[in-house]
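Written below as structure tokens is the structure these notes are about.
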Amino acid sequence: MTGLTFRKKAEPEQRLDLSGLTAGRLAGLSASEIAALAIGTTRETVRVGDMFDLSGDDPASIRFEGGSERFDRVGEAMETGEIIVDGDAGVRLGRAMTGGRITVTGSVGGYAGSVMGGGVIDIRGDAGERLGAPLAGERSGMEGGTIKVGGKAGARAADRMRRGTISVAGDAGPDAGSRMIAGTLIVGGRAAGTPGRLMKRGTLILAGGAERFAPTFLDNGPADLLILKVMARSFSAGEVGSVPFEDMAMRRLGGDTAVLGLGEIFLPL
């Protein structure tokens, strides 16, 4: 068996819902049955076969040759397998996934990894707003797994994050780590706005510093903590890889005291 490949025929004229193209949902389907699946999001009917040339037969390994910012919900709720997108992807990439791996060579839209519970998302480009965050009305965001971003992230990355790790190599938009409940967010670049606003617990490691902080954070001074060294070694040996704060002299802020106040932010001295 060879991996199942979806080769883009042309740029779609409407946003596409690709949440049905995962290992669990395609198992047992023939090529003709997959081609007949509806993926359109407007009144105009669009099916898989209209947008993609199919090859291969193993849905446990899926590849999209040619991405698009209109490819929404790639890998949503996936439980196992691997998805590779050669190019960009749209919103809600990997939302609610519990296992498996998604790799995107380009950039993605908002809500990537929203409420994910497990698995790995590797975004080589930039991520849109609310990375790992919940949709409106949901009580918590990311609940497990790992998200790695090679570029920058939009506003409110890790909003309401409960578990897991998010690593952003570049800058982060305003209010990263807002309302965090637990988990770890690492930002290699500079964090805009007021990172950590209303966080109850959790850890923000801001290797490039931050624009400003809410006045309800307390400066605890230099932080020569063994746990930072242990974390750096653990991340380097795992999915996150090398981290920008390894061997970096840092100071610690505690907060947000406007709420529970048990969170922590580490930034360069």
Subject >> Test: VAL149 is more than 14 Å from ARG92 (Cα to Cα) and within 11 Å of the chain's Cα centre (by Cα) >> reply: yes
**OP:** Among what's in region 50-74 and is surrounded by fewer than 16 Cβ atoms within 10 Å (Cβ to Cβ) and more than 17 Å from ALA38 (Cβ to Cβ), pick the residue that is modelled with the lowest pLDDT.
**Re:** ASP57
Original post:
Out of all the residues in region 203-259, which are part of a strand (DSSP E or B), farther than 17 Å from THR146 by Cβ and polar (S, T, N, Q)?
Top reply: ASN220
**OP:** With the checklist (1) in a loop (DSSP other than H, G, I, E, B); (2) among the hydrophobic types (A, V, I, L, M, F, W, C); (3) under 26 Å from ALA210 (Cβ atoms) in hand, flag the one item ILE166 doesn't pass.
**Re:** (1)
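To keep it simple, each residue is scored yes or no on (1) of a type in the set (Ser, Thr, Tyr); (2) within 22 Å of GLY137 (Cβ to Cβ); (3) in contact with an Asp or Glu (Cβ under 7 Å, 6 or more places away or on another chain); (4) in contact (Cβ under 8 Å) with a residue 60 or more places away in the chain.
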site: ARG162; (1), (2), (3), (4): no, yes, yes, no
site: VAL168; (1), (2), (3), (4): no, no, no, no
site: ALA172; (1), (2), (3), (4): no, no, no, no
site: ALA176; (1), (2), (3), (4): no, yes, no, no
site: ALA182; (1), (2), (3), (4): no, yes, no, no
site: ILE186; (1), (2), (3), (4): no, no, no, no
site: ARG190; (1), (2), (3), (4): no, no, yes, no
site: LEU198; (1), (2), (3), (4): no, yes, yes, yes
Subject >> Which numbered condition ILE84 misses (of (1) in contact with a Gly (Cβ under 7 Å, 6 or more places away or on another chain); (2) part of a strand (DSSP E or B)) >> reply: (1)
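To keep it simple, each residue is scored yes or no on (1) modelled with pLDDT under 95; (2) over 26 Å from GLY109 (Cβ atoms); (3) more than 16 Å from the chain's Cα centre (by Cα); (4) not aromatic (Phe, Trp, Tyr).
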site	(1), (2), (3), (4)
ALA172	no, no, no, yes
ALA176	no, no, no, yes
GLY183	no, no, no, yes
ALA191	no, no, yes, yes
THR216	no, yes, yes, yes
PRO222	yes, yes, yes, yes
LEU226	yes, yes, yes, yes
VAL230	yes, yes, yes, yes
SER234	yes, yes, yes, yes
**OP:** Would you point out which residue out of GLY94, GLY132 is surrounded by 20 or more Cβ atoms within 10 Å (Cβ to Cβ) and touching a Phe, Trp or Tyr at 6+ places or on another chain (Cβ under 9 Å)?
**Re:** GLY132
**OP:** Tell me, please, whether a residue that is surrounded by fewer than 15 Cβ atoms within 10 Å (Cβ to Cβ), under 22 Å from the mean Cα position of the chain (by Cα) and more than 21 Å from ASP122 (Cα to Cα) can be found in region 199-214.
**Re:** yes
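The values are calculated or read from the model by the stated rules, or taken from the named source; none is laboratory data. Every value quoted in this text rests on a predicted model; they were computed, and no experiment measured them. In this analysis, Cβ positions are derived from the backbone assuming ideal geometry, glycine residues included, and neighbour counts consider all displayed protein chains.
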